[in-house]
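K.L.:
This is the structure I have questions about; it appears just below.
The values are calculated or read from the model by the stated rules, or taken from the named source; none is laboratory data. This structure is a prediction, so every number in the text was calculated from the model and none was measured. Please note: Cβ atoms are built from the backbone with ideal geometry, for glycine as well, and neighbour counts cover all protein chains shown. Ligands, DNA and RNA are stripped out before the accessible areas are found, and what is left, the full protein with its side chains, is counted by its heavy atoms. Shrake-Rupley method; radii C 1.70, N 1.55, O 1.52, S 1.80 Å.
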Amino acid sequence: MNDPGTNPAPARAHEDPADPADPADASTPGPRPAGAAPEAAPVRDAATPADLAGIAELLGRVPRGVLGVAHRCSCGRPEVVETAPRLPDGTPFPTTYYLVDPFAAGAISTLEASGLMREMNERLAADPDLAAAHAAAHEDYLRRRAALGDADVPEIAGVSAGGMPTRVKCLHALAGHALAAGPGVNPFGDETLQRLRELGGWPATCPHAALPEHPRPAPATGAGPATEPAPGPGPA
Ligand SMILES: [Zn+2]
């Protein structure tokens, strides 16, 4: 079956399992200067149609298998989505916490291009405590995915993301986990976020303020006029 509706993504986090070589994507946008805003905490929200539309607007495609939003920008835009262990087309998907925001992905790609992962791997090899924390993050990742129901996805049993448990291979995946789980769970994800905060862009500031549309999660009762279904008898 063809897949005619898929547009190429202008920028995406490179933890997609179809892209295991994870080359740095030079086309990813960097963080934009924007108004400072308090960082948002992890969430576990349903993804609304506005969320999915906002993701597609920035990512260039509708993400597949989204179970919910695991972290939002301070402006409300989804940054990390919780993804089903098996996508609707049957593909096993190990990157449960998928970073969908191209500004965030671009900021992390810049760090990766600086050679940070090589340094992290050197520290991982030299520091048993850090290695234990990285391995524990792997176990946390698998526990969270198991809670979503992955018993019927044996293809990714024991496989987490980002190089865990013994390597650092993708800071997008590690930061996605750190954003979803909160601080203190994924040490290299936390470090990635902290280094970016010190640079002053995302995630210390919202990169979306300059976008023409800046959707926020709509409250359930916020519908305007003319959006309610017309009451009346249905078809017989
Ligand atoms: Zn934002």
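K.L.:
How many residues, within the range 95-153, are among the acidic types (Asp, Glu), assigned to a helix (DSSP H, G or I) and touching a residue at least 60 places away in the same chain (Cβ under 8 Å)?
P.N.:
Step one: filter the range 95-153 for residues among the acidic types (Asp, Glu), giving 101, 112, 119, 122, 127, 129, 139-140, 150, 152.
Filter once more, keeping what is assigned to a helix (DSSP H, G or I): 112, 119, 122, 129, 139-140.
Of the ones still in play, those that are also touching a residue at least 60 places away in the same chain (Cβ under 8 Å) are 112.
Within the range 95-153, residues that are among the acidic types (Asp, Glu), assigned to a helix (DSSP H, G or I) and touching a residue at least 60 places away in the same chain (Cβ under 8 Å) number 1.
Let's see how each residue does on (1) outside any helix (DSSP H, G or I); (2) open to solvent by 20 Å² or more (accessible area, probe 1.4 Å); (3) farther than 15 Å from Leu148 by Cβ; (4) at pLDDT 95 or above:
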| residue | (1), (2), (3), (4) |
| --- | --- |
| Ala47 | yes, yes, no, no |
| Glu57 | no, yes, yes, no |
| Val62 | yes, yes, yes, no |
| Ala70 | yes, no, no, yes |
| Ser74 | yes, yes, yes, no |
| Val80 | yes, no, no, yes |
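K.L.:
Also, I was wondering about something else. Can you tell me which of Pro212, Pro183, Pro165 is modelled with pLDDT under 95 and out of contact with any Leu (no Cβ under 7 Å at 6 or more places or on another chain)? Even if it seems obvious, please write down each step before you answer.
P.N.:
Working: Pro183 fails: modelled with pLDDT under 95; Pro165 fails: modelled with pLDDT under 95.
Of the residues listed, the single one that is modelled with pLDDT under 95 and out of contact with any Leu (no Cβ under 7 Å at 6 or more places or on another chain) is Pro212.
K.L.:
Also, I was wondering about something else. Of all residues in the range 95-123, count the ones that are within 22 Å of Gly158 (Cα to Cα) and buried (at least 22 other Cβ atoms within 10 Å of the Cβ). Step through it out loud before you land on a result.
P.N.:
Of all residues in the range 95-123, those within 22 Å of Gly158 (Cα to Cα) come to 95-99, 121.
Still in the running and buried (at least 22 other Cβ atoms within 10 Å of the Cβ): 95-99.
Final tally of qualifying residues: 5.
K.L.:
When residues of the range 158-173 are filtered for being over 15 Å from Ala105 (Cα atoms) and touching a strand residue (DSSP E or B) at 6+ places or on another chain (Cβ under 9 Å), how many remain?
P.N.:
2
K.L.:
Which members of the range 130-157 meet the condition of being open to solvent by 50 Å² or more (accessible area, probe 1.4 Å) and out of contact with any strand residue (DSSP E or B) (no Cβ under 9 Å at 6 or more places or on another chain)? Quick ask: steps written out before the conclusion?
P.N.:
The first filter runs over the range 130-157 and keeps only residues open to solvent by 50 Å² or more (accessible area, probe 1.4 Å), leaving 132, 136, 139, 143-144, 146-147, 151-152, 154-155, 157.
Answer for the range 130-157, where residues must be open to solvent by 50 Å² or more (accessible area, probe 1.4 Å) and out of contact with any strand residue (DSSP E or B) (no Cβ under 9 Å at 6 or more places or on another chain): Ala132, Ala136, Glu139, Arg143, Ala146, Ala147, Ala151, Ala157.
K.L.:
I'd like the residue in the range 82-93 that is in a loop (DSSP other than H, G, I, E, B), in contact (Cβ under 8 Å) with a residue 24 or more places away in the chain and open to solvent by less than 20 Å² (accessible area, probe 1.4 Å) and, out of all such residues, is farthest from the ligand (Cβ to nearest atom). Reasoning before the result, please.
P.N.:
Our first condition is that a residue be in a loop (DSSP other than H, G, I, E, B); within the range 82-93, this holds for 84-85, 87-91, 93.
From what is left, the residues that are in contact (Cβ under 8 Å) with a residue 24 or more places away in the chain are 84-85, 88-89, 91, 93.
Subsequent filtering for residues that are open to solvent by less than 20 Å² (accessible area, probe 1.4 Å) retains 84-85, 93.
Numbers: Ala84: 25, Pro85: 28, Phe93: 25 Å.
Going through the qualifying residues, I end up with Pro85.
K.L.:
Which of the numbered conditions does His177 fail, given that it passes all the others? Conditions: (1) of a type outside the set (A, V, I, L, M, F, W, C); (2) at pLDDT below 95; (3) open to solvent by less than 60 Å² (accessible area, probe 1.4 Å); (4) more than 16 Å from the ligand (Cβ to nearest atom).
P.N.:
The number of the failed condition is (2).
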